[in-house]
Amino acid sequence: MKLSKILLIVSILVSTLTACSEVKTQSQTPSTLSDLPENKSSLSETKSFPTTVYISIYKSGSKKPQPELISVQGDEDILMHVNDWKKDSVSIIPPSVEQIDRIYVFQYDYEKNGTTTAKYYMYIIDLEGNDYIKEFQYSEAFQNTTDKKQILGQIGSDNWFKVSPRSKLLEP
């Protein structure tokens with residue numbers, strides 16, 4: 001009985017600490033457009049790795065706000081290598097809306113000198129299993145819609161990169 005009470009208390013403490021750290025992270029200001037890379041070399045030259053990555057997906061028919069948070073990655077081994085899959089990316093025009101299977105939003109949080117900054121990436125997978133990514137400035141315009149044409153119209157067709165292999169963030 002004592003063991004179950006101790007486990008309950010530890011569980012509550014961990015949950016509370018996790019919730020408090022997420023609130024701090026969400027209240028931080030995202031990066032500005034001037035911080036975004038303009039070409040492949042700046043995309044692949046990220047020197048540090050994020051401390052946390054939030055993975056969201058646009059789901060048609062869901063009653064939850066869109067994009068829907070599906071995972072939070074904090075495993076240091078994965079985060080140390082999270083930029084590696086971008087290194088061999090190729091600049092490309094993304095597939096047509098009809099060819100897109102899934103659309104994700106990756107939020108990379110970086111901490112430096114006690115300040116957290118966020119970078120956002122739109123990550124799409126087409127019907128043939130190809131993966132594409134674009135860094136973008138996240139705004140309310142990307143919320144509460146699952147209309148692929150609207151989402152891609154707002155993000156534009158420039159500065160997309162075809163990536164291979166698939167991001168480790170999407171592994172089970």
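Rounded to 0.05, the FRET efficiency of the ALA141 and GLU111 pair, given R0 = 22 Å and the Cβ-Cβ distance, is 0.25. Using the Cβ of GLY129 as centre and a radius below 9 Å, the other residues enclosed give a net charge of -3, where K and R count +1 and D and E count -1.
What is the gain in length, in nm to one decimal, between SER60 and SER96 on full extension, counting 0.36 nm per residue of separation less the C-alpha to C-alpha distance? Each step should come with its number before you reach the end.
Values: separation 36, 0.36 × 36 = 12.96 nm, distance 1.80 nm.
Between SER60 and SER96, full extension yields an extra 11.2 nm.
Which FRET efficiency value, to the nearest 0.05, do you get for ASP84 and GLN154 by plugging their Cβ-Cβ distance into 1/(1 + (r/R0)^6) with R0 = 25 Å? Don't jump to the answer; show the numbers that get you there.
Values: r = 29 Å, r/R0 = 1.15.
Step by step, r from the Cβ atoms, then E = 0.30.
Every read-out reported here was derived from the displayed coordinates using simple, explicitly stated rules and does not represent laboratory data. Since this is a predicted model, take the numbers as computed values, not measurements. Neighbour counts run over all protein chains shown; Cβ positions are idealised from the backbone, glycine included.
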